[in-house]
Amino acid sequence: MTNHQDYELHALADFLQDYSETAMLDVRYFIADLKQCALSDVYGVICLSDSQMAQLRSMCARRRSGEPVAYILGRVSFWDLELEINKSVLIPRPDTERLVSCVLAMHDDDARDCLEFGVGSGAITLALAGARPKWYMAGIDCSADAIALATRNRVRCGVDSNRVVFYEDSWWSLGSVVAEKVYDLIVSNPPYISRSSTDVSSSVNRYEPHLALYADDDGLADIWRIIDIALLQLRSGGWLYLEHGFDQAERVRLRLKSRGFGLVSTVQDYSGHDRVTYACKVNNHVE
């Protein structure tokens, strides 16, 4: 026989009180996962089986070590999607939704060929594909694990493989079939944190993949590379959208203008920080 016991939610949150600034919310997420119920149903007195209580203790132990909630749950919400997530990719941030909303605000549902550099979990590509059913989306990532995860998320989201395709490839040595085409849109949330930065939390630095976080040249090396590739991979009149650090917008705008892009603009994230810069390839000039 399985034993059940009632617990006060605030007492369960004490498991994390000294380890997480969002202890109550974290525990509510864990309980909702264990009981397969809505987060809004987790309040007051909680009935847990012995097995569920053991699993909750294990989840809290992982959280006390600093592991992000999304990795513990194995899933994350982004845009209007629920995606599988694991330690092979960055956890999609709410601020990256500004990249999605910016692209959608600029372009209607007419058929377009789009390319994402650094797909990770597939969050950006799948959000765009869901909102624009006539767009063809291709994406690359140098991590085989990321490509496998993005492909599972494509299936999870019910997106046709004829419309969204992921390739294992690197923008440093682009060699997949994406290099054989030109695109209407290129989007990317590349690594852009300086290797000397002291602003990264210990949790992020310890658990999330450094390959997707840090870049050379004060965090701008990958952005510079993507801008140069976009000159080749965008058709004339095509658009490039880049997420970047809060203090990098001016340098990104100057690089885009120096490389011949026009209509250069920056938008802010939900905290009011410069976060996404976009520009149009106004001619076919390549320096």
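No value in this document is a laboratory result; all are computed from the given coordinates. As the structure is a computational prediction, the values presented were derived from the model and not from experiment. Cβ atoms come from the backbone with ideal geometry, glycine included; neighbour counts cover every protein chain shown.
Would you be so kind as to identify which of Ile46, Phe15, Met59 lies farthest towards the positive end of the dipole of segment 4-65, taking Lys and Arg as +1 and Asp and Glu as -1 on Cβ and the Cα centre as origin?
Going by the Cα projections, it comes out as Met59.
Could you derive backbone 3J(HN,Hα) for segment 23-31 from the dihedral phi with the Karplus parameters 6.51, -1.76 and 1.60 (θ = phi - 60°), listing whole Hz in sequence and x where the residue is Gly or Pro?
Working through the residues one at a time gives 4, 4, 5, 4, 5, 4, 4, 5, 5 Hz.
Find how much the distance from Gln5 to Lys257 grows on full extension, using 0.36 nm per residue of separation minus their present alpha carbon separation; answer in nm with one decimal.
84.3 nm
Suppose the chain between Asp160 and Glu250 were pulled fully straight at 0.36 nm per residue; how much longer would it get relative to their current alpha carbon spacing?
Numbers: separation 90, 0.36 × 90 = 32.40 nm, distance 3.83 nm.
My answer for the length gained is 28.6 nm.
Amide H of Arg112: which non-local residues (sequence gap of 5 or more, or other chain) have their own amide H closer than 5 Å, using H built in the peptide plane?
Trp135, Tyr136
If you restrict to DSSP beta bridges whose two residues both lie in segment 88-281, what percentage is antiparallel, to the nearest 5?
The antiparallel fraction comes to roughly 35 percent.
What lysines sit close enough to Lys257 to cross-link, taking a C-alpha to C-alpha distance under 18 Å and skipping anything fewer than 8 places away on the same chain?
Filter leaves Lys281.
For a footprinting-style exposure proxy, rank Leu90, Leu240, Leu39 by other Cβ within 10 Å, fewest first.
Least crowded to most crowded, the residues run Leu39, Leu90, Leu240.
Rounded to the nearest 20 debye, what is the charge dipole size of the chain about its Cα centre when +1 sits on each Lys and Arg Cβ and -1 on each Asp and Glu Cβ? Mind showing how you got there, number by number?
On the way: 29 positive and 40 negative charges, 92 e Å.
Charge dipole of the chain: 440 debye, to the nearest 20.
Less than 19 Å apart at the alpha-carbon level, and either on another chain or at least 8 residues along: which aspartates and glutamates does that give for Lys35?
Straight-distance partners of Lys35: Asp6, Glu8, Asp26, Asp50, Glu82, Glu84.
Counting each DSSP H run of 4 or more residues in the chain as -39500 (n - 2.57), what helix-only mean residue ellipticity at 222 nm follows after dividing by all residues, to the nearest 500 deg cm²/dmol?
When only DSSP H runs of four or more count, the value is -10500 deg cm²/dmol.
Please work out how much length the chain gains when fully extended from Ser173 to Ser197, using 0.36 nm per residue of separation minus the C-alpha to C-alpha distance, in nm with one decimal.
So the chain would gain 6.0 nm between Ser173 and Ser197.
At a threshold of 8 angstrom on Cα-Cα distance, excluding pairs fewer than six apart, so keeping six or more, what relative contact order does segment 4-65 reach in percent?
Relative contact order of segment 4-65: 46 percent.
Could you list Met106, Met24, Met137 so that the one with the fewest beta carbons within 10 Å of its beta carbon is first and the one with the most is last?
Met106, Met24, Met137
Hey, fewest Cβ within 10 Å first, where do Glu250, Glu67 land in order? It would help to have the intermediate numbers written out before the result.
On the way: Glu250 11, Glu67 16.
Ascending Cβ contact count within 10 Å gives the list Glu250, Glu67.
Got a sec? Charge dipole of segment 137-287, +1 on Cβ for Lys and Arg, -1 for Asp and Glu; which of Asn153, Gly245, His273 is way out at the positive end?
Toward the positive end, the furthest listed residue is Asn153.
Amide H to amide H under 5 Å from Tyr167: which residues, 5+ apart in sequence or cross-chain, H placed 1.01 Å off N in plane?
The answer is Gly139, Ile140, Asp141.
Karplus couplings for segment 58-72 from phi (6.51 cos²θ - 1.76 cosθ + 1.60, θ = phi - 60°), rounded to Hz, Gly and Pro as x?
5, 4, 5, 5, 5, 5, 5, 7, x, 5, x, 4, 4, 5, 5
Using a Förster radius of 30 Å, what is the FRET efficiency between Gln268 and Leu211 based on their Cβ-Cβ separation? Nearest 0.05, please.
About 0.65, to the nearest 0.05.
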